[in-house]
Amino acid sequence: MSQKLLKNIDLVITFNDREETFEHCDILIEEAAIRDIGSNLNAAGDAEIIDCNGLTALPGFVNTHHHLYQTLFRGIEEVQEQPLFPWLIGLYEFWKNITPEAVYYGALVGFSELLRTGCTLTSDHHYVFPKGQPTTLIDEQIKAAREIGIRFHATRGSMSLGRDMGGLPPMEVVQTEEAILLDSERLINRYHDNGPYSMQRIALAPCSPFSVSRQLMLDSKDLARKKGVMLHTHLAETQDEERFCLERYGRRPFELMEDLEWVGNDVWFAHGIYLNDGEIDRLQGSGIAHCPSSNMKLSSGICKTTEIIRAGGKLSIAVDGSASNDGSNMWEEVRRAYLLNHLKYGTDGLTAYEILKAATRGGADVLGRDDTGRLSAGKAADIVLFNLNGIEYSGCHDPLVSLVCLGNSSLVSMTIVNGKIVVKNGKLTTIDSDEAAKNAHNTAVEIINRQRNSTKNN
């Protein structure tokens, strides 16, 4: 059995069931799992011994909402300073040109940013399937996840309600509902692994109330519950969405979800900004992916994070798509979640500990994982180590505050996923990041130029 022994860790913040923290201790890893946490632990003779003196250990961050392909569409001048609906309309014109290669390299870029900033488990919401391209785009994401070594929940997103049918997206990026459901079942059958320490799971994720039909929401729900997978969608992100749902369905967005039986422990929503207090009380175990940077950039609003936590709801933190962020920096997202919460709630805001818990255990709970997101014997060895001894942390007397509020770098000392070191001293150990960056940027430039030239010629 392969073992690693993390020796002499200054501080371990576990977020386990007993809310324990440990000083000056070791973590013994055996294969994919944590075997023990304690002082002066012994390991097998051939174990890898790693000196962690001066480091702080946390469970890996869990990112519950992303659009990885958007890493290739950052800083597009045509959509800057736009709210969500005009922003989407502008970007769909570029996104209708994505290829399998673009999805693959976009995923590698996003995964690398996440891993280097402390994320060990991420989901993704991919819903753009341009006409004329293979429908196996999510397979490209899964390929990238396996190569780089991140724990990955892919969601089979979908759009069926194009502009000609009263929806927001152009017809070039929507699919028939039959095709969506067939591919959803294919992905579940091929890739979904519900076992402990699973590196790959699938969820079903119709994009939003303004891009799919009621029937697709119902059919996706039925398929997901038949197959035992989770459900995900954007919800209550903007007031435009609220007006759309009231005009088209006579329901607020969350009321529509209730009508469709899209609530419960197997459902999580991205954003949830415009949930009222009664709706927060009726979440019934549904999780919320809070995306502070995206919400600020698109001027969408501020999620009621404190109300969700105080009501016993499941709150997580997410980076959202890189075109609305414009990065995949999970550590920075934690900081912004804390600051935005305090802007809204003042002295009644969430503590640094509560924010970090939402970013780790909270995210795992939202994704239906009790085998990660906390540090305890028998849980997955998904661990991040931070060096809080640099000059940027000097003078701070609380490591939790240091992690959330201080620092001028977001690169972690080490990221361990499923017992394997995938980041060391801020650098990936699994792929050539320089080569990936070059290929990704060249792919992005080609797509952007193609669309801009097409617009000029029309």
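The values are calculated or read from the model by the stated rules, or taken from the named source; none is laboratory data. Quantities reported herein were computed from a predicted structural model and do not represent experimental measurements. Cβ atoms come from the backbone with ideal geometry, glycine included; neighbour counts cover every protein chain shown.
Consider L121 carefully, then state whether it is at pLDDT 95 or above, over 21 Å from D434 (Cα atoms) and surrounded by 23 or more Cβ atoms within 10 Å (Cβ to Cβ).
Yes, satisfied.
Take the residues in segment 195-226 that are out of contact with any strand residue (DSSP E or B) (no Cβ under 7 Å at 6 or more places or on another chain) and either of a type in the set (A, V, I, L, M, F, W, C) or in a loop (DSSP other than H, G, I, E, B) (or both), then tell me which one is surrounded by the fewest Cβ atoms within 10 Å (Cβ to Cβ).
Restricting to residues being out of contact with any strand residue (DSSP E or B) (no Cβ under 7 Å at 6 or more places or on another chain) and either of a type in the set (A, V, I, L, M, F, W, C) or in a loop (DSSP other than H, G, I, E, B) (or both), the top hit is G195.
For segment 39-65, name all the residues that are farther than 30 Å from H271 by Cβ and β-branched (V, I, T).
Answer for segment 39-65, where residues must be farther than 30 Å from H271 by Cβ and β-branched (V, I, T): I49, I50, T56.
Counting only residues that are assigned to a helix (DSSP H, G or I) and among the small types (G, A, S), how many does segment 299-355 have?
Adding up the residues that qualify gives 3.
Look through segment 358-387, keep the residues that are of a type in the set (A, V, I, L, M, F, W, C) and closer than 15 Å to K314 by Cβ, and return whichever of them is farthest from the chain's Cα centre (by Cα).
For segment 358-387, the residue satisfying everything is A358.
Which one of the conditions (1) buried (at least 24 other Cβ atoms within 10 Å of the Cβ); (2) charged (D, E, K, R); (3) over 25 Å from L58 (Cα atoms) does E333 fail to meet, given that it meets all the rest?
Just one mismatch for E333, condition (3).
Could you please find all residues in segment 53-78 being farther than 20 Å from G149 by Cβ and either of a type in the set (G, A, S) or over 27 Å from the mean Cα position of the chain (by Cα) (or both)?
N53, G54, G75, listed by residue number.
Filter segment 183-209 for residues that are touching a residue at least 60 places away in the same chain (Cβ under 8 Å) and of a type in the set (F, W, Y) and give the result.
Correct list: Y197 only.
Collect the residues in segment 160-191 that are hydrophobic (A, V, I, L, M, F, W, C) and in contact with a strand residue (DSSP E or B) (Cβ under 8 Å, 6 or more places away or on another chain), keeping them in residue-number order.
Those that are hydrophobic (A, V, I, L, M, F, W, C) and in contact with a strand residue (DSSP E or B) (Cβ under 8 Å, 6 or more places away or on another chain): I180, L187, I188.
Can I34 be described as surrounded by 21 or more Cβ atoms within 10 Å (Cβ to Cβ), closer than 21 Å to L388 by Cα, modelled with pLDDT of 95 or more and of a type in the set (A, V, I, L, M)?
Spelling it out, it is not the case that I34 is surrounded by 21 or more Cβ atoms within 10 Å (Cβ to Cβ), closer than 21 Å to L388 by Cα, modelled with pLDDT of 95 or more and of a type in the set (A, V, I, L, M).
Tell me which residues, restricted to segment 154-165, are over 15 Å from P206 (Cα atoms) and either of a type in the set (K, R) or at pLDDT 95 or above (or both).
Across segment 154-165, the qualifying residue is only R163.
Of the numbered conditions (1) modelled with pLDDT under 95; (2) part of a helix (DSSP H, G or I), Y104 satisfies every one except a single condition; which is it?
For Y104, the failing item is (1).
Taking the stated definitions as given, is G75 farther than 23 Å from S160 by Cβ, at pLDDT below 95, in contact with a strand residue (DSSP E or B) (Cβ under 8 Å, 6 or more places away or on another chain) and surrounded by fewer than 22 Cβ atoms within 10 Å (Cβ to Cβ)?
The answer is no for G75.
If only one of I317, I302, I355 is of a type outside the set (S, T, N, Q), over 14 Å from the mean Cα position of the chain (by Cα), at pLDDT 95 or above and buried (at least 18 other Cβ atoms within 10 Å of the Cβ), which one is it?
That would be I355, the only listed residue that is of a type outside the set (S, T, N, Q), over 14 Å from the mean Cα position of the chain (by Cα), at pLDDT 95 or above and buried (at least 18 other Cβ atoms within 10 Å of the Cβ).
Exactly one condition in (1) in contact (Cβ under 8 Å) with a residue 12 or more places away in the chain; (2) exposed (fewer than 15 other Cβ atoms within 10 Å of the Cβ); (3) not in a strand (DSSP E or B) is false for G45; which is it?
(1)
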